[in-house]
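First comes the structure, then the notes that go with it.
The values are calculated or read from the model by the stated rules, or taken from the named source; none is laboratory data. Computed from a predicted structure; not experimentally measured. Please note: Cβ atoms are built from the backbone with ideal geometry, for glycine as well, and neighbour counts cover all protein chains shown.
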Amino acid sequence: MVLNTFQVDALTELINIGVGRAAGVLNEMLMAHVSLQVPSIRLITRSNIKQELEGLFGKSASIVRMGFRGPFSGIASLIFPPDSAANLIGLLIGDLNMEADMDAIKIGTLTEVGNIVLNGVMGSLANILMKHVEYSIPIYQDSNVHNFITPYDTTEQPIILLARTRFRIETQLIEGDIILVFEVGSFESLISELNSSLDITQ
């Protein structure tokens, strides 16, 4: 499947709106300005996803994943490189008690950030396209990128939409990348809804 220029621009703007809303919430949490770069969007194949993710993050990353289902369905993930995850936790929590459960703090903090960002993005898509989408509870994992893609019980390969959004918090560079994974049929439904809502012809 190939997206035309107008479809790419429209998806980019929709995701940018969602990330912008999430940035407003993060501003309040961090009491610091969160600036965003406009996301870049492209389709990649399942066979290339491991190579793509290793190029972005190395062999491991901190990942928050959230399933969604409705007229279009799949999995949305917010991925942090390890250094960025550690910096973000430090900004949100500050000095940590040495006796504290660091794993629990890390999981809880990044899951909450993932929940804010992913709901902002998917909520914007659903609201602007005027469609009801149900979300699962976000799940955190420290993962080898080779295990990133969840197997689908289907003979079709999922279309993978890679939407990269980099955000900066004051003097520290905190990087996060949003990966949207759609099943083939549902992704085509999303594009169809996008075309209808924004009057875009393929």
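Kindly list the number of the only condition in (1) surrounded by 16 or more Cβ atoms within 10 Å (Cβ to Cβ); (2) assigned to a loop (DSSP other than H, G, I, E, B) that fails for V38.
(1)
Return yes when L88 is part of a helix (DSSP H, G or I) and either among the basic types (K, R) or at pLDDT 85 or above (or both) and no when it is not. So that I can check it myself, show each step before the final result.
Values: part of a helix (DSSP H, G or I): yes; either among the basic types (K, R) or at pLDDT 85 or above (or both): no.
No: the conditions fail for L88.
Looking at the range 63-70, is at least one residue closer than 14 Å to G176 by Cβ, assigned to a helix (DSSP H, G or I) and touching a helix residue (DSSP H, G or I) at 6+ places or on another chain (Cβ under 9 Å)?
No: the range 63-70 contains no residue that is closer than 14 Å to G176 by Cβ, assigned to a helix (DSSP H, G or I) and touching a helix residue (DSSP H, G or I) at 6+ places or on another chain (Cβ under 9 Å).
Among all residue pairs at least 6 apart or on different chains, which show Cβ distances below 8 Å where the first residue, located in the range 1-24, is β-branched (V, I, T) and modelled with pLDDT under 85 and the second is outside any helix (DSSP H, G or I) and surrounded by fewer than 16 Cβ atoms within 10 Å (Cβ to Cβ)?
Cβ pairs passing all conditions: V2/L43.
When the residues of the range 41-55 are narrowed to those that are buried (at least 16 other Cβ atoms within 10 Å of the Cβ) and in contact with a strand residue (DSSP E or B) (Cβ under 6 Å, 6 or more places away or on another chain), which ends up nearest to P81 (Cα to Cα)?
Ranking the candidates gives E52 first.
Restricting to the range 9-35, give me the number of residues that are more than 17 Å from D177 (Cα to Cα), in a helix (DSSP H, G or I) and not acidic (D, E).
Here is the first cut: in the range 9-35, the residues more than 17 Å from D177 (Cα to Cα) are 9-10, 24-25, 27-33.
Subset that is in a helix (DSSP H, G or I): 9-10, 24-25, 27-30.
Checking the rest, the ones that are also not acidic (D, E) come to 10, 24-25, 27, 29-30.
Number of matching residues: 6.
Given G70, G55, which one is modelled with pLDDT of 80 or more and not hydrophobic (A, V, I, L, M, F, W, C)? So that I can check it myself, show each step before the final result.
Details: G55 fails: modelled with pLDDT of 80 or more.
Result of the check over G70, G55: G70.
Kindly establish whether S196 is within 19 Å of the chain's Cα centre (by Cα), in a helix (DSSP H, G or I), of a type in the set (S, T, N, Q) and modelled with pLDDT under 85. Show your work before the answer.
Values: within 19 Å of the chain's Cα centre (by Cα): no; in a helix (DSSP H, G or I): yes; of a type in the set (S, T, N, Q): yes; modelled with pLDDT under 85: yes.
Here the answer is no, as S196 does not meet what is asked.
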